[in-house]
1. Which percent of Cα pairs goes in each bin when the distances of segment 55-141 are cut into 10 angstrom slices starting at zero?
2. Here is the link list: Lys220/Lys309; Lys78/Lys294; Lys209/Lys354; Lys209/Lys233. Which ones come out longer than 31 Å on Cα distance?
3. For segment 64-352, which whole-number percentage of the solvent-accessible area (1.4 Å probe, protein heavy atoms only) is attributable to carbon and sulfur atoms?
4. Arrange the peptides 245-254, 272-281 so that the one whose residues have, on average, the most other Cβ atoms within 10 Å appears first.
5. At a 10 angstrom cut-off on C-beta neighbours, averaged per residue, how do the peptides 346-358, 114-126 rank from highest to lowest?
6. Å³ per residue of the Cα convex hull, for segment 90-197?
7. So what does log10 I(q)/I(0) come out to for segment 64-352 at q = 0.09, 0.11 Å⁻¹, using the Debye formula with one equal point on every Cα and no solvent?
8. Place the peptides 93-104, 30-41 in order of packing, highest mean first, counting for every residue the other Cβ atoms within 10 Å and averaging per peptide.
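The values are calculated or read from the model by the stated rules, or taken from the named source; none is laboratory data. Computed from a prediction, not measured in an experiment: that's the story for all the values here. Because the Cβ atoms are built from the backbone with ideal geometry, glycine has one as well, and the counts that use them run over all protein chains shown. All accessible areas refer to the heavy atoms of the entire protein, side chains included, with ligands and DNA or RNA removed. Shrake-Rupley method; radii C 1.70, N 1.55, O 1.52, S 1.80 Å.
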Amino acid sequence: MASSPCLFQFLLSFSVIAHAAACAAPGCQLLSPCSGAEECAPGLYCGTCPASGKTRPSCTRGQATRQTDIEKGLPFNKYTWLVTHNSFSIVNSPSFTGVQRVTFYNQEDTVTNQLLNGVRGLMLDMYDFEGDIWLCHSFQGQCYNFTAFEPAINTLKEVEAFLTNNPTEIVTIFIEDYVRTPKGLSSLFTNADLMKYLYPLAEMPTNGKDWPTITEMAEKNYRLLVFTSVASKEADEGIAYQWRYVLENEPGDPGILPGSCPNRRESQLLTSRYASLFLQNYFPTIPVQNDACKEHSSGLAEMVDACYKAAEKLMPNFLSVNFYLRSDGRGVFDILDRMNGLTLCGCPTVFACKPGAPFGVCKNISSSSSPTRAGDHGGGTYAGYVEFSGFLLRRKSFSFMEMNLFYCSMISILISCWVGSLLTPIFFIFHLSHVAVIIYMHYQRLFPSI
């Protein structure tokens, strides 16, 4: 019969191995405990949200649902799309000016990866700088070497590559426009080889009319919508003036005030049906990276509801956020599923939509408001990665040597229990040395700089 020391040794060994093997990789589902990204199912990553008290890592959504695979062929303005605020303002992005950047950051992965993860709207601030047009997160309408990110054509070439490789996808660009160079924008998009995808200004619907279906837009190759904040660019360059076609709520802190959804000053009233597209901003004036997970997990659903009511039951077509990947589990991706479900089929989530059924006739799904992993229930997923610096646990799984040491230590316990109490202290010391080696190797891999 096993003695108390034997039991203690068993418990000690299993506690060592269990803390990094929360579930069998790579099938851990949404909200399952995890110790590394490899353990989570596709479309999920392993993360935490200390801002909302969630310090235990779990599998978290990191990609959008391909809503157009679930409800196909509807007008463009019937869908809700994810937008990244200041898409170019990326943490740890290299300086192109050789000067340390002094500005705020809003995202954590490249524009290409944002698009691969299901982002379909980009907010870009464009300025004249060093004889070119740059993306800059600046102030007073002027770009400085410490607020500049990169020439705008670099990002636009990423968009061009994405549209070329994904011939049915549609991307929208919102330009905060400080470019004064004559024909600057039109030349920029021409040089980026994007004019072949540009939705013609003359064919954009006005007076609240529906846009063409996504199928029609893809067939005509009208797969890039570009809006500028400068009205004169319509006549001068053929670039659509944003607030002639888009309703918008106030950005920054006014846009996250509970129960309130004021329209942006430049925009028509949200109750107006002059425009058929509606952009909802949901981000604080001062972006705080570590708070974003809480912002996307509590309050976002209420703010969407507030804007939906303020616009007299017009669902936003674009939802713009900072640090879009961060949440305590489901985040902005779950909210988008709910928004699309209500608009596309009258169901509480897009996964309850029943192909060919009348509006409001829904599938019976589980009580949770989103699937256990992105892509369940028939919806497609996107192909970007979801691992980014400073947020995910780097630990993946135990190495082969660590596992061998573990099994050797377990054998030592069994021998000590079988031989008897006389040799138990010797095997106990031998076992503890194995456990110490396992712990050392494990944390050296997790924190290699220690």
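1. Result, from short to long distances: 14, 36, 28, 17, 5 percent.
2. Values: Lys220/Lys309 35 Å; Lys78/Lys294 28 Å; Lys209/Lys354 27 Å; Lys209/Lys233 23 Å.
Distance filter (> 31 Å) returns Lys220/Lys309.
3. After summing per-atom areas, the C and S share lands at 51 percent.
4. Values: 245-254: 19.4, 272-281: 21.1.
Highest mean packing first, the order is 272-281, 245-254.
5. Ranking the peptides 346-358, 114-126 by packing returns 114-126, 346-358.
6. Details: hull volume 10.5 nm³, N = 108.
With only Cα atoms used, segment 90-197 gives 97 Å³ per residue.
7. With one equal scatterer per Cα and no solvent, log10 I(q)/I(0) is -0.39, -0.60.
8. Those peptides, ordered most packed to least, come out 30-41, 93-104.
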